[in-house]
Amino acid sequence: MQIMSILPEWILSHGAASIVVIPLMLAVLTALNPNAKLAWATVLGVTALSVFTALGLLIQVMTHGPIHYNMGGWVPPLGIGYYIDGLNAPILLLISGVALLCTIYALPSVAAEVEPKKKGPFYAAFLISFAGLLGMVVTADAFNVFVFLEVSSISTYVLVAMGASRDRRALTSSFNYLIMGSIGATFFVIGIGFLYMQTGTLNMMDIARVLQEIGPGDRVVQLAFAFIVIGLGLKLAMFPLHMWLPGAYAYAPSFFTAFLAATATKAALYLLLRFTFTVFDPSWDYIATALMILLSGMGILGMLAASLQAIFQNDIRRVLAYSSVAQVGYMLLGIGMATTLGLTAGYLHMLNHAMMKGALFIAVGAFWYRFGITQVSDMRGLGKTMPWTMAAFTVAGISLIGVPGTAGFVSKLKLAQAAAENGWWWAIGVIVTTSIMAIIYIGRMIEQAYFQPVPEIDGKPVVRNEAPMAMLIPLWIMAAAALVFGIQTEWSTSLAEAAAHVLDAGPNTLIPGAIDALPDAGGH
Amino acid sequence: MSPHVILRVVSKLLIPLIALFALYVQFHGDFGPGGGFQAGVIFASAIILYALIFGLDEAKRAVPPSWVRVGMTFGVLVYGGTGVATWMLGGEFLNYTVFAPQSTHAAGQHWGIFAVELGVLFTVTSAMVAIFYAFGSRAPEMTDEDW
Amino acid sequence: MATLFEHFNFVVVIVLMMTGLYVVFASNNMIKKLVGLSVFQTSVFLLYISLGKVVGGQPPIIAEEDLHHAPEAGAGVAKAGADAAHAGAGDVAHGAHEAAEVLYSNPLPHVLILTAIVVGVATLSIGLALVVRTREVYGTIEEDEIDNLDYHKNLEGAAK
């Protein structure tokens, strides 16, 4: 393809490693940097490079098939391998793309929210979190997943706490997130430990191969599955384990909330997909039951409960945070069906939701930047005082509701089709009900902005004060994406279908990759 | 006479030995338990012991905070730089054999591990000391009587 | 009863795990929560290490005489660790296997635990930094008192 010739050969052969290494190394350089503008420029350069690398990797995967990269030259299962296929390549592109857009947004936003001498370390922590998320998605070694999970989580705790200069509740929210996140990651590592105990290896493909030999009856493997699902479920805000999310999203600096809302839960969801469908065998009884009852069940409960809670919040960011929990419920519902259409719908909703929520949080940050607005009741007259920002907010909002012509509609329709195909008519009812609830909580904000008079200060109406260009550009790119992907559905749907294809094939996709390395006398 | 004479004299004897032991653990990591992280923590404990006995200001004069900040980043850069060097020499990331392709007894591996463990030593020492400085520099809000 | 004694390590792990979790849930004080978290993480370390114990295993360094007996042992094989602070296990042989009657212990669980310990240390230090900052901002580290102090702010963010 044309694009491949622009990128140097080096990116394609070492891209899987460089996409993680370059942000990490430049992060430490940024930490030392006293000049905030230079730090921001470094971050911009790194994220732009990552977008190019991710694009190159995606095109290579689409045309040539999965990429195997052996870290340190050691062939798996002896060494750590990085593995990119149709399931994680779009997510790499998603994470780097969102990071790039949020970095453009960061220029005015971070200037207003973070003290000048802390900006270097702030951007450094962001780059570490970015590298951690990318690493989580790229690696094919189960323990490496835990390491990158913690790398990204720890920097996230720090970044959420940086919002304390704006609202002191950021400190307790970050502490809450720290406790819950560490428990989740430790559960995950317990699951990996049990898997290692039974299979003797940590490489995902090798684990899949050995699990096929062991079969579904092994109690320890069942236990490992349970721990892994709960650990990842905590990170992706599955219904009862979502309590950290509203606080973390609401009180973090706006730049970081926009990035976090669009990427963190998606990476954890990818891991859940990878483990449930391609490491463990979804045809086994206990996994099929878990999918249906646990994932779909908790998805449904999350959709209903979180949408209901979103209606009753007055802080805009908390409304959007609870809405995020509900959207994760949609994704889990699609995944729990375990049919091709259901998996496509869940994956597609993941991609679309990132665009919509990113746009919404950027717009909310712009509201705070110009007028200091955090409550829904203060949104009066924003349609006149910040027309472009509010228009983008509206576009993203109606995409969240699922109005035809937007990306949200495409994924919800697919989800309903998948439910119908499965015979789950009650699921369609729940989807419709929660969309009505979304109309309520988004509609409340749109009504305040467009149908209420402009507030007056000392008798004079507030004058129009649009958000700066650096905020409007990424905002409109994301909002336009929500529209474009609703009309021109080919691109995102084909990515989702490729991902579902990988998941459908189950452990057999991975096993050919389990290269039998050196004659390992005696094995494990 | 200062009330902590014994502590001061004994620590003056011990702190260099602790630092030496840290280096021993660092280089012994090839042959037994040891390596960068353990050595880093032991080395940092030597500095922290000095700070506990002689005071934070004295420790900050011996190991200035700016050195500590640079040390953290330097260690990560050494580790990453080894990987970048392997890239430049044509191998995958952190493929140490490219350092000495002709060797029969894996000399390349030896050099590679040596370099990354050195990076780990710098980073871990600096990180532990930085954490100690950060917590130790906060002014206490309770006076000694209130304790 | 005999099973209990045979699998004593698992009993210890479970007791520590549940204790740690209970302390996290039931404590009001932020530092106590961190202590509970540390106990919980320590139980996981014990799990891994007790799993990886090879009775009678030697350090996994191939001694000179074994090179003649076991040609398949090969040169040093190291498992590349993670990007985060990775403590090297040095030159290392395969897992627990018998090569000419020499039993080597398995270094892999130890490497994993080292990484997990480092992660635990980092988490603990950030948690403590948050506790220090919370103390400075709120004046207390008891969660119910913090909730009380934030009560009115939270009310205005709730239903209207």
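The values are calculated or read from the model by the stated rules, or taken from the named source; none is laboratory data. Given the structure is predicted, the values throughout are model-derived calculations rather than measurements. Methodologically, a virtual Cβ is constructed for each residue, glycine included, from the backbone with ideal geometry; neighbour enumeration extends over all protein chains shown.
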When every residue in the stretch C:26-61 that is without any contact (Cβ under 8 Å) to a residue 12 or more places away in the chain and not basic (K, R) is compared, the one farthest from the other protein chains (Cβ to nearest Cβ) is C:V55
Considering residues that are in a helix (DSSP H, G or I) and hydroxyl-bearing (S, T, Y), the number found within the stretch A:337-375 is 4
Among C:A93, C:A87, which is the only one that is within 16 Å of the chain's Cα centre (by Cα), modelled with pLDDT under 85 and closer than 19 Å to B:G35 by Cβ?
-> C:A87
Any idea which residue in the stretch B:1-27 is farthest from B:G55 (Cα to Cα), counting only those that are among the small types (G, A, S) and in a helix (DSSP H, G or I)?
-> B:A22
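Kindly establish whether A:M337 is among the aliphatic types (A, V, I, L, M) and either in contact with a Ser or Thr (Cβ under 8 Å, 6 or more places away or on another chain) or without any contact (Cβ under 8 Å) to a residue 40 or more places away in the chain (or both).
yes
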Which residues, taken from the stretch C:114-150, are more than 10 Å from chain A (Cβ to nearest Cβ), in contact (Cβ under 8 Å) with a residue 40 or more places away in the chain and either over 15 Å from C:L34 (Cβ atoms) or surrounded by 19 or more Cβ atoms within 10 Å (Cβ to Cβ) (or both)?
-> C:I117, C:D144
Top-ranked residue in the stretch C:100-110 [being within 27 Å of A:N144 (Cβ to Cβ) and more than 9 Å from chain A (Cβ to nearest Cβ); ranked as surrounded by the most Cβ atoms within 10 Å (Cβ to Cβ)] | C:P107
For the stretch A:123-141, does any single residue satisfy the condition of being surrounded by 24 or more Cβ atoms within 10 Å (Cβ to Cβ) and charged (D, E, K, R)?
-> yes
Assess whether A:R317 counts as being outside the structural domain of A:A248 (by TED's automatic domain parsing), within 18 Å of A:R166 (Cβ to Cβ) and modelled with pLDDT of 90 or more.
-> yes
Of everything in the stretch A:451-499 that's in contact with a Ser or Thr (Cβ under 8 Å, 6 or more places away or on another chain) and not aliphatic (A, V, I, L, M), which residue is farthest from A:P90 (Cα to Cα)?
-> A:R464
If A:G217 satisfies every condition in (1) at the interface with chain C (Cβ under 10 Å from one of its Cβ atoms); (2) not β-branched (V, I, T); (3) not in a helix (DSSP H, G or I) but one, which is the exception?
-> (1)
Exclusive hit being under 30 Å from B:R69 (Cβ atoms), at pLDDT 90 or above and surrounded by 20 or more Cβ atoms within 10 Å (Cβ to Cβ), set A:A54, A:A27 = A:A27
Exception for A:S174 within (1) over 28 Å from C:S27 (Cα atoms); (2) within 10 Å of another protein chain (Cβ to nearest Cβ); (3) crowded, with 23+ Cβ neighbours inside 10 Å falls at (1)
Failed item, numbered, when A:S18 is tested on (1) on the phi > 0 side of the Ramachandran plot; (2) within 11 Å of chain B (Cβ to nearest Cβ) = (1)
Just one listed residue, out of A:V110, A:V98, is aliphatic (A, V, I, L, M) and within 18 Å of the chain's Cα centre (by Cα), and it is A:V98
Test: A:Y441 is modelled with pLDDT of 90 or more, surrounded by 13 or more Cβ atoms within 10 Å (Cβ to Cβ) and either outside any helix (DSSP H, G or I) or not acidic (D, E) (or both) = yes
Residue selected from the stretch A:188-201 under the condition more than 9 Å from every other protein chain (Cβ to nearest Cβ) and part of a helix (DSSP H, G or I), by the criterion nearest to A:T265 (Cα to Cα) = A:F188
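Wholly within the stretch B:28-147, which helices (runs of 4 or more DSSP H) include no fewer than the required count, namely at least 3 residues that are out of contact with any strand residue (DSSP E or B) (no Cβ under 7 Å at 6 or more places or on another chain), free of Cβ contacts under 8 Å to residues at least 60 places away in the same chain and under 25 Å from C:V119 (Cβ atoms)?
By residue number, B:36-54, B:65-88, B:107-136.
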Go over the candidates A:A467, A:A392 one by one and state the one that is in contact (Cβ under 8 Å) with a residue 40 or more places away in the chain and in a helix (DSSP H, G or I).
-> A:A392
When (1) in contact with a helix residue (DSSP H, G or I) (Cβ under 6 Å, 6 or more places away or on another chain); (2) within 25 Å of B:T73 (Cα to Cα); (3) surrounded by fewer than 21 Cβ atoms within 10 Å (Cβ to Cβ) are applied to A:A112, the one that fails is (2)
For residues that are under 24 Å from the mean Cα position of the chain (by Cα) and farther than 16 Å from A:P282 by Cα, scanning just the stretch A:205-234, find the one that is surrounded by the most Cβ atoms within 10 Å (Cβ to Cβ).
-> A:L232
Here the residues within the stretch A:235-270 that are more than 14 Å from the chain's Cα centre (by Cα) and either outside any helix (DSSP H, G or I) or outside the structural domain of A:G163 (by TED's automatic domain parsing) (or both) are A:H242, A:M243, A:A252, A:P253
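Report yes if A:G79 is part of a loop (DSSP other than H, G, I, E, B), within 19 Å of the chain's Cα centre (by Cα) and modelled with pLDDT under 90, otherwise no.
Values: part of a loop (DSSP other than H, G, I, E, B): yes; within 19 Å of the chain's Cα centre (by Cα): no; modelled with pLDDT under 90: yes.
No, not satisfied.
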